[in-house]
1. Of the options 280, 110, 3, report the single residue whose Cα projects farthest towards the positive end of the charge dipole of the chain (beta-carbon charges: Lys, Arg +1; Asp, Glu -1).
2. Using the Karplus equation 6.51 cos²θ - 1.76 cosθ + 1.60 (θ = phi - 60°), what ³J(HN,Hα) coupling, rounded to whole Hz, does each residue of the range 281-294 give in order, writing x for Gly and Pro?
3. Please state the relative contact order of the range 179-299 as a whole percent: Cα pairs under 8 Å, 6+ residues apart?
4. Compute the signed sum of charges (Lys and Arg +1, Asp and Glu -1) over the other residues within less than 14 Å, Cβ to Cβ, of residue 110.
5. Would you order 216, 273, 210, 189 from fewest to most other beta-carbon atoms within 10 Å of each residue's own beta-carbon?
6. Give, in whole angstrom and from largest to smallest, the semi-axes √(5λ) of the equivalent ellipsoid of the chain, with λ running over the eigenvalues of the Cα gyration tensor.
7. Calculate the spin-label point distance for residue 262 paired with residue 245, positioning each point 7 Å from the Cα along the beta-carbon direction, and give it in nanometres.
8. Defining a contact as two alpha carbons under 8 Å apart and six or more residues distant in sequence, what relative contact order in percent does the range 5-175 show?
Amino acid sequence: MSTTWHILGAGSLGTLWATRLARAGVPVRLIVRNPARLASYRAGQGLTVVEHGVEQTYPVIGETPDSPVPIRRLLVACKAYDAQSAIAQLQHRLAPDAELILLQNGLGSQDAVAAQWPSARCIFASSTEGAFRDGDWRVVFAGHGYTWLGDASHPTPPLWLDDLQAAGIPHEWATDILTRLWRKLALNCAINPLTVLYHCRNGGLSAHHCEVATLCAELAELLERCGQPAAAQDLHSEVERVIQATAANYSSMYQDVANARRTEISYLLGYACQAAARHQLAVPHLQQVHAQLVAHLLARGLASN
Ligand code: NAD
Ligand code: KPL
């Protein structure tokens, strides 16, 4: 019997992973916030995934954080700002050698989790899959993509990658996972804040070519300074390529702001500005965009961290 996957967070990615693992017959348990959410979950049939307009529902077992069931493998599918506190609620259940698979975007939350649970094996993930919720306990699989997984302190891939294979979750073991996370962070820093400030789709940034180029130059220098030269390579041309390829899309940060949801700013632009300060690197344009974004969020009553 393979190890149970505990999924922490019944949001978009958590539901997408839980349904695919359950479909493959892999043991899965879903951890929801509290007894009220568990009652709501149990009143339905399970978790539903909608793919190409076709709905499928899986009766994944639900539980609250204070269930007595021990946890050996935990997929952390919360937002970056919730990850540490959500895992802390499970402290009494985590096996000493538990594996934590961290799906959070940006940087900062993964190191905070790893520092708090030094005996756990922390696997970092970077995903280009796209999903959104269209109701409670439902997810729409909107964008097929790939998930890179890696362990910055241990290059050996875990055996459970077979579970992902069986579940049809496209993935690759990446020994350079930090490079991938830094590269994604840089892409997100060059694109997402400007789409919020200019209130435009990604393609709208073609009209702000110079500003994008200036941000990319600062980001590339920052990546070099942070010991990530591979992540800095041809950054500007890739940012331009992504802007063209996703021209019709709204960035994830734009969507968060449009839906009055908290953004992950502290783990993206905030993290980049702090890293620059640590390295005493001047990044005036990144700082200016960060300040403008903070003001924009506060003016809308949204958290600025
Ligand atoms: P989401 O907001 O849809 O889901 C997060 C879930 O975690 C919510 O249901 C929330 O209630 C739950 N949660 C928070 N604290 C909890 C706690 N203490 N106990 C139990 N549940 C708790 O978020 P998402 O879109 O799935 O994103 C998760 C992470 O994945 C983010 O860092 C995001 O940037 C990243 N990501 C998302 C996508 C996507 O398409 N949605 C793609 C790539 C990366
Ligand atoms: O990842 C993205 C996002 O919207 O968060 C892209 C499409 C790369 C834009 O930064």
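1. My answer, from the dipole projection, is 3.
2. Values per residue, Gly and Pro as x: 9, 6, 10, x, 6, 4, 5, 5, 5, 4, 4, 5, 5, 4 Hz.
3. That works out to 35 percent.
4. Within the 14 Å Cβ shell, the charges total -1.
5. In order of increasing Cβ crowding within 10 Å: 210, 273, 216, 189.
6. 33, 22, 18
7. Result: 3.1 nm between the two label points.
8. Relative contact order of the range 5-175: 23 percent.
The numbers here are math on the coordinates, done by the rules we state, and not lab data. Note that this is a predicted model, so its numbers are computed, not measured. FYI the Cβ positions are ideal-geometry reconstructions off the backbone, even for glycines, and counts take in every protein chain you see.
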